[in-house]
Amino acid sequence: MKVIAFDVGGTNIEFGVIEDGNILKKGETSAKGIQNQESFVSILKNIVNAAIGDRGIDAISMGIAGLVNSDTGEILFSPNLPFLNGLNLKKALENVADFYIDNDANVYALGEWQFGAGMKKDNVVVLTLGTGVGAGIIANGRLLRGANYYAGEAGHIVIDFEGQICRCGQRGCIESYIGGDYFPEFARYYYRRQIQNLCEECTMLELSKRAKGGDIEAMYLFEVYGKYLAVGLVNIIHLLDPEIVVLGGGIAESFELFKESMTNELKKRVIGFERRNLKITRGKLGKEAGIYGGFVLAKEKV
Ligand SMILES: [Zn+2]
């Protein structure tokens, strides 16, 4: 089976042609100039035509941030490209090929589940740690979408009900502590108290470089990161009892820097932690998880 899988972000549209689980071709194009649904659809069609040539394709798939009706193919809410709201891509692309779409974290999770660190186990949670915090949940061997396609909004698990305000408008969501836009702000504030050592241009990447270079402040900050993450994970683990939790997204690249503090906190808080068959690990596929996941989405019709 041959699939062209799109991964639509706020700034780039990435895609890959994947046949029977092997990526044949990859590419990307900027999403910045796209202003309306028509131009979006025509860009997709152009990419598909250029990528497949005369040899045809069995399906097109897509992962996109936001809320998606994976049954009808309609984009219900796109935070990055709001003009796409209401677009039914299954209809728009019906003359081209079969079309499958889901939330990007779900697609990412399908990839790690079938081709990466998820090892095809029946109960897997894939958490994406980046600017946002998202999750894809495999429960009893199936992707859990929920009654309204909202399942897996892990970033808005509340870890402090009187805590700081999240971009969703609520207080104390875990994303407002460990999200890639939020944690560096905390880090800047923390560094200012050290006086001698500042990090005014702090990003997660910069923090990671500093920590790996032995910067005490940055190393401590990753310990704090691990502790916050663990508190979110405690809720997920108690609710879903997964066998594997896979950490993906850019910040998971720094797993070694926060693994110990995360594990120590989990040991303290998770009921039966030592007795559970539970592994917490880094994802294996990186950004390609979205392409592998798009293949799974189309092939398994999950
Ligand atoms: Zn929130």
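Okay, here's what the table says:
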item: Net charge contributed by nearby residues that have their C-beta within less than 15 Å of I159 (K/R +1, D/E -1); result: -1
item: Estimated dipole of the chain in Debye, rounded to 20 [Cβ of Lys and Arg +1, of Asp and Glu -1, Cα centre]; result: 460 debye
item: Rounded to whole Hz, the Karplus (6.51, -1.76, 1.60) HN-Hα couplings of segment 267-276, x for glycine and proline; result: 4, 6, 10, 7, 5, x, 3, 5, 8, 6
item: The chain shape via C-alpha gyration tensor axes, a/c threshold 1.5; result: prolate
item: Straight-distance crosslink candidates among aspartates and glutamates, where the alpha carbon sits under 12 Å from K259 and sequence neighbours closer than 8 are dropped; result: E223
item: Distance from segment 163-223 to segment 96-133 (C-alpha centre basis), Å; result: 27 Å
item: In sequence order, calculated HN-Hα J values of segment 48-65 (Karplus, 6.51, -1.76, 1.60; Hz; x Gly/Pro); result: 4, 4, 5, 6, 9, x, 8, 8, x, 8, 8, 7, 10, 9, 8, x, 8, 5
item: Peptides ranked, highest mean first, by Cβ atoms within 10 Å: ranges 18-26, 170-178; result: 170-178, 18-26
item: Length-normalised contact order for segment 194-285 - Cα pairs under 8 Å, 6+ apart - percent; result: 34 percent
item: Helix 183-192 vs. the chain, principal-axis angle (Cα, 0 to 90°, nearest 10); result: 30 degrees
item: Global form of segment 207-302, assessed from the alpha-carbon gyration tensor, a/c cut-off 1.5; result: oblate
item: Sites matching chymotrypsin sites (Phe, Trp or Tyr not before Pro) across segment 201-232 that sit in DSSP coil, with at most 15 neighbouring C-beta atoms within 10 Å; result: none
item: Sparse-neighbour loop sites [GluC sites (Glu not before Pro); segment 191-277; at most 15 other C-beta within 10 Å; DSSP]; result: E200, E201, E274
item: Protection-proxy order for peptides 81-92, 50-61, each taking the mean of Cβ atoms within 10 Å per residue, highest first; result: 81-92, 50-61
item: Rounded to whole Hz, the Karplus (6.51, -1.76, 1.60) HN-Hα couplings of segment 84-96, x for glycine and proline; result: 7, 4, x, 6, 9, 6, 4, 6, 4, 10, 5, 7, 8
item: Residues with amide H under 5 Å from that of T131, placed H, sequence gap 5 or more; result: G180
item: Relative contact order %, the chain, counting alpha carbon pairs below 8 Å whose residues are six or more apart; result: 20 percent
item: For the chain, share of DSSP beta bridges that run antiparallel, in % to the nearest 5; result: 60 percent
item: Charge context of L221, other residues only, Cβ under 10 angstrom, K/R +1, D/E -1; result: -2
item: Listed residue pairs exceeding 25 Å between alpha carbons, taken from K120/K268; K32/K227; K279/K299; K91/K299; result: K120/K268; K32/K227; K279/K299
item: Reach of K121 by Cα under 12 Å, taken over aspartates and glutamates that are not fewer than 8 positions away in the same chain; result: E112, E243
item: Environment charge of V270, counting only residues whose C-beta is closer than 12 Å and scoring Lys/Arg +1, Asp/Glu -1; result: +2
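We did not get these values from a lab; they are worked out from the coordinates using the rules stated. The shown structure was predicted, so the numbers you read here are calculated from the model rather than taken from an experiment. Don't worry about glycine lacking a Cβ; one is built from the backbone with ideal geometry, like all the others, and counts go over all protein chains shown.
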